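First up is the structure itself, then whatever we jot down about it.
Here, each number is a calculation from the coordinates, and none is a lab measurement. This one's a predicted model, so the numbers in the text were calculated from it and none came from an experiment. Heads up, the Cβs are rebuilt from the backbone with ideal geometry, glycines too, and the neighbour counts pull from every protein chain shown.
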Amino acid sequence: MSPLTPEYEPVIGLEIHVQLSTRTKMFCGCRLSFNDPPNIHTCPTCLGLPGALPVVNARAIHFGIMIGLALGCEIAERSLFHRKNYFYPDLPKGYQISQYDVPLCRGGRLGDVRIHRVHLEEDAAKLNHLGASGRIHGSDRSWVDFNRGGTPLVEIVTEPDLRSPEQAREWPALLRTTLRQLGVSDVNMEEGSLRVDANVSVRPVGSTQLGTKTELKNMNSFRFLERGVRAEISRQIALLERGEPVMQETLHFDPATDTLTPLRSKEEAHDYRYFPEPDLVPVLATEEMLAAARADLPTELPAERAARFETELGLNADTARLFAFRTELGDYFERALAAAGGNGEQREVDPVELSNWIPQLVERIGSDADPAGSNVAPESLATLATMVKAKEVSRDAAREVLTRLVQEGGDPRAIVEREGLGALTAEDDGLGKLIDRALAADPAAVNQVRSGNMKAIGPLVGYVMRETKGRADGGEITRLIRARLGL
Amino acid sequence: MSELTDLTAAAAAERIRAREIAPAELFEAYRARAAANDLNAYTWVADAPPPDDGSAQAPLAGVPVAVKDLFCTEGVPSQSGSKILEGYRPPYTATVVAKLAQAGAPLLGKTNQDEFAMGSSNENSGFGPVLNPWDRSRVPGGSSGGSAAAVAAGLAPWAIGTDTGGSIRQPAALCGIVGLKPTYGACSRYGMIAFASSLDQAGPLTRDVTDAALILRHTIGRDRHDSTSLEFPGEIALPQAEDLKGIRLGVPEELTGAEGGIEPGVHENYNAIIALAEGLGATVEPCRLEHAPHALSAYYLIAPAEASANLARFDGVRYGLRVDGDADLITMYSRTRNAGFGPEVKRRIMLGTYALSSGYYDAYYGTAQKVRTKIAEDFHTAFERFDFIVTPTSPWTAFELGSKTADPLAMYLNDFMTVPMSLAGIPAISIPSGLSEGLPVGFQLAGPAFSESRLLDAAYALERAIGFDGSEARG
């Protein structure tokens, strides 16, 4: 049951933290690591020892500029680091070095969501709590692993342009593919190298004002993100329906129960007292740095690829995005297209027809599998799509052929030949006889068709298709029946 | 005067090079005096000379150096004068200290200071006040009071300290020695336990100008660990000017007029030195530093604001003092910081926290930064007409212990004439310019950024003409 009542429209903005896959940390020379023994990648700077100073990682700036360019942002010629002050054991200096009112990148767009800003900062250390709750409150003992502390992060903040829980799952997937293609991050949600917080509010449909928003944290998969956002929309609508206000607060999503619990106000009631970090000089993005970042961008980013699939190849928007966001599908599609005659004018396979068969293939090999690893060679799928388009095999029969291909591989033409799955056409005696039998069996329908009710032709066509076990094309049967009746 | 400890550092290095004395002999002479000192100038003294590593051949010839407590020294207590860091021994050494060691100046000891360099009398140390060797009932100045007293009393051949708003120059003046605050960025801050990052600068405290030039020569330079450090243009020449011919000195009315509350004896000395400078060939004229009177107000917003963040790391989690919080994190933080910090440090953390608070930032921190820019512009304009700006270093000579502790604002006035240069990031030197009622007076010269060699030259010419004798303080 959908939690969305039609009177309300959700408004969703995302804040995405991405750990950059630089070799060393944001402000010191310690190596990045995951799951190493605790506190072995540390130094005076990332431990916040007295007297230690930060030095900006040039590679992180390079990656930040690449991300900004890929998202169409404006790159600031001069940007600043600030200190964000608060006390917590995972923050050894008592402040986080982050960018505040002069970030590296502003503006931009990815797909149908506008980007507000992209800035650089350092990650906190990892807290481990011993005790039932797994959180700091009520734990018996906590310890800090500073291996993660100081890992370079970019924070990508969107405009509140998302309008549904589904979009809150799909759009970050596009972002993840884009970042992966840039090679700037592992973008692994389980390992925490991609973390998404959502700002959620609802408003009456037609309203242009924004409702009070809440911030959702701890959604460590796209699926949880969708569920968390959906649960929060329901909660807010229920509040409003009861005439109660939505409180601005930060909520922790529990995926086990689909519930949202407020973080203790002490944890979030902060005046961060931002001020420019006096230990660092401004980041100056020179023409050379921009050129170097541009040179490292891939030739085609996922959003561009989706646009090309849609406008040049005529794919529908959903399929175009699917192929662009899941690069392995896009790659397989393009290999099949090339195998069947390339991208020239004399294309042998219809791209739209071919595109329809890739989801069919994925359905048969498992939704997360890469078709390149299946028994179905790209050229075989292209051949199959070509045969369907040429009506050499009916759609139903082609599905059967695909199942065989997935099981045993091989050439679709050979399978059609061997199994006798070729399309029955007008030239086939058998098809003519079947049509005669259909007309004889249902004179009432024949009369209705003759008197102009074309809808009545359906049962006649259906009869023939059943009898041919799908080997004859529905359109072809319709044409033959009409011809037989002299229409 | 044949005592080893009566030699300037440069003279001692000369003797070592001539093989008249061994580095270990010199080290031991100072080590013994330092260990026996009754001025509370040291918080830690080495117990043996370093192994003979050929430092006699190094540029500084093995002449040992006393180092302000706030410089991190590997394995050696580095407490920044605070109980919250009592017994803290860092795992690394500050760049400036490492550079000095490399140049042949090993660590003699760590000197007492105001807690986290916050103070002008050394009475804010968590380890007790330092006494002025000229009069033990008086303060040595601060915050580098231990370094100044040690050098003045012959407990160290030379020392390094840090200057945020006058913390090298003012104690140097009150103890009758030379103190130089270099251009901001000239010396690396890496390993200096920070007070106010945009102002803190390391520099020498020495018996004469030549010694100051020698330390500066071996501590300057860009450090890849400090993004705000700069490549120093050119080398530091040893000073040799004999006169001040062609030198134009500016006298800023805003700082040297009645507003600064300068003691008559200090003012008299200042005028005498001006006359002396003219006699050496300098031209002296009044100059305008229109915004300088607001420097102290701006400084006491900017420095505490930065300090409030710099001192947040002392939270009892990783090092230093921890007072148990009965299983509650906030209580642990609060008890630890309450027990570990002294009253002046708490006052400045609160001032700084307030100045940065939402709703007050623009009015306080933001405005202070604008004033800072104006002050720097004033100096820039002044240096179009003048080579150096000259003032007394401190409005008064060493004052009695306890006489200003009850009135923080009076205490802050110590920095009235030193803070403007700190805000502008420009170099300034204090040289001993005589005695007033038996106590040393300091004369300050300030120049444009990176003018240290010229500044040292002018100070050297004046030093020779003044002929100050500091031997009385060495007993």
Checklist entry - Which far-off residues, 5 or more places away or on another chain, put their amide H under 5 Å from the one on residue A:105, with H placed in the peptide plane? => result A:76, A:118
Checklist outcome for this item: Here the Kirkwood hydrodynamic radius of the protein assembly as shown, Cα-based and in Å, equals 33.1
Next on the checklist: Can you give the FRET efficiency to the nearest 0.05 for residue A:258 and residue B:465, using r as the Cβ-Cβ distance and R₀ = 56 Å?
Outcome noted: 0.10
Next on the checklist: Report the rotationally averaged projected area of chain B based on its alpha-carbon convex hull, in square nanometres.
Outcome noted: 21.1
Item to check | Virtual paramagnetic centre 7 Å along Cα→Cβ of residue B:22, amide N under 14 Å, in the range B:40-59 | outcome: B:49-56
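Any idea what the dipole of chain A comes to, in debye rounded to 20, about its Cα centre with Lys/Arg Cβ at +1 and Asp/Glu Cβ at -1? Please list the in-between numbers first.
On the way: 57 positive and 70 negative charges, 114 e Å.
Roughly 540 debye for chain A.
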Checklist outcome for this item: To the nearest 0.05, the calculated FRET efficiency linking residue A:348 and residue A:453 through their beta-carbon distance, R0 being 30 Å, is 0.15
Checklist entry - Hey, got the average number of other protein chain Cβ atoms within 10 angstrom for residues in B:304-312? => result 5
Item to check | Gain upon complete extension [residue A:141, residue A:391; 0.36 nm per residue less C-alpha separation] | outcome: 83.0 nm
Checklist entry - Any idea which of A:423, A:332, A:81 is furthest toward the positive side of the dipole for chain A, if Lys and Arg beta-carbons carry +1 and Asp and Glu beta-carbons -1? => result A:423
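Taking every DSSP beta bridge with both residues inside the protein assembly as shown, roughly what % is antiparallel (nearest 5)? Kindly include the intermediate steps, with their values, before the conclusion.
Values: 85 of 101 bridges.
Of those bridges, close to 85 percent are antiparallel.
For residue A:77 and residue A:271, what does the FRET efficiency come to when R0 = 30 Å and r is the distance between their Cβ atoms, rounded to the nearest 0.05? Intermediate results must be reported in sequence, preceding the final value.
Numbers: r = 30 Å, r/R0 = 1.01.
Efficiency for this residue pair is about 0.50.
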Item to check | Scattering profile of the range A:429-484 at q = 0.18, 0.21 Å⁻¹ [log10 I(q)/I(0), Debye over alpha-carbon scatterers] | outcome: -0.50, -0.69
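Starting from the Cα-Cα distance between residue A:36 and residue A:164, subtract it from 0.36 nm times their residue separation and give me the gain in nm to one decimal.
Using 0.36 nm per residue and subtracting the Cα-Cα distance, I get 42.2 nm.
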Next on the checklist: Just want the answer: with Cβ charges of +1 for Lys and Arg and -1 for Asp and Glu, which residue in A:66, B:412, A:432 is farthest toward the dipole's positive end in the protein assembly as shown?
Outcome noted: A:432
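Based on Cβ point charges of +1 for Lys and Arg and -1 for Asp and Glu, what charge dipole magnitude is obtained for the range B:296-346 about its Cα centre, in debye rounded to the nearest 20?
100
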Item to check | Cα centroid separation - the range A:192-214 against the range A:86-102, whole Å | outcome: 25
Item to check | Histogram of C-alpha separations across chain A, 20 Å bin width, % | outcome: 19, 41, 27, 11, 2
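How many Cβ atoms of partner chains, on average, are near each residue of B:186-196 if near means within 10 Å of its Cβ?
The per-residue average across the peptide is 3.
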Checklist outcome for this item: Counting only residues 5 or more apart in sequence or on a different chain, those whose built amide H sits under 5 Å from that of residue B:124 are B:115
Next on the checklist: For peptide B:358-367, what's the mean number of Cβ atoms from other chains within 10 Å of each residue's Cβ?
Outcome noted: 2
Item to check | Cα lying deepest toward the dipole's positive end in chain B, options B:177, B:35, B:460, charges on Cβ | outcome: B:35
Checklist entry - Which net charge results when you count Lys and Arg as +1 and Asp and Glu as -1 among the other residues whose beta-carbon is under 13 Å from that of residue B:131? => result -2
Checklist outcome for this item: Non-local residues with an amide H under 5 Å from the amide H of residue A:189, with H modelled 1.01 Å from N and Pro and chain starts lacking one, are A:194
Item to check | Near-label residues of the range A:200-216 by backbone N, under 17 Å of a point 7 Å along Cα→Cβ of residue A:239 | outcome: A:200-204, A:210-216
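Between beta-carbons, use under 13 Å as the cut-off and find the net charge around residue B:396, counting Lys and Arg +1, Asp and Glu -1.
On the way: positive: B:138, B:404; negative: B:263, B:268, B:400, B:415, B:437.
Once all neighbours under 13 Å are counted, the net charge is -3.
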Checklist entry - Each residue of the range A:278-290 in turn: what ³J(HN,Hα) in whole Hz from Karplus with 6.51, -1.76, 1.60 and θ = phi - 60°, glycine and Pro shown as x? => result x, 7, 10, 9, x, 7, 9, 8, 7, 4, 5, 5, 5
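Based only on Cα atoms, what mean projected area does the convex hull of the range B:53-165 have, in nm²? It would help to have the intermediate numbers written out before the result.
Working: hull surface 27.8 nm².
Seen from a random direction, the Cα hull of the range B:53-165 projects 7.0 nm² on average.
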Item to check | Inter-label distance, nm, simple model (7 Å from Cα along the C-beta direction), residue A:379/residue B:330 | outcome: 7.1
Item to check | Debye intensity ratio in log₁₀ form over the Cα atoms of the range B:1-65, taken at each q of 0.21, 0.26 Å⁻¹ | outcome: -0.85, -1.17
Checklist entry - Tell me, what HN-Hα J-couplings in whole Hz come from the Karplus equation 6.51 cos²θ - 1.76 cosθ + 1.60 at θ = phi - 60° for each residue of the range B:159-171, using x for Gly and Pro? => result 8, 10, x, 10, 10, 10, x, x, 5, 9, 5, 5, x
Next on the checklist: Per DSSP helix of 4 or more residues, -39500 (n - 2.57); summed, then divided by the residues of chain A. What does that give at 222 nm, rounded to the nearest 500?
Outcome noted: -12000 deg cm²/dmol
Checklist entry - Too long at a 29 Å Cα-Cα cut-off: which of B:110/B:370; A:84/A:217; A:126/B:181? => result B:110/B:370; A:126/B:181
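How much mean residue ellipticity at 222 nm does chain B get from its helices, if each DSSP H run of length 4 or more adds -39500 (n - 2.57) and you divide by all residues, to the nearest 500 deg cm²/dmol? Walk me through the numbers before you get to the answer.
On the way: 15 runs with 161 residues, N = 475.
The per-residue figure over chain B is -10000 deg cm²/dmol.
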Next on the checklist: If I take all pairs of Cα atoms in the range A:302-419, what percentage of them are more than 25 Å from each other?
Outcome noted: 16
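Net charge near residue A:17, counting Lys/Arg +1 and Asp/Glu -1 over other residues with Cβ under 9 Å of its Cβ?
-4
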Item to check | Rounded to the nearest 20 debye, dipole of the range A:190-301 from Cβ charges on Lys, Arg, Asp, Glu | outcome: 600
Next on the checklist: I want to check the label-to-label distance for residue A:418 and residue A:173. Put each point 7 Å from Cα in the C-beta direction and report it in nm to one decimal.
Outcome noted: 3.5
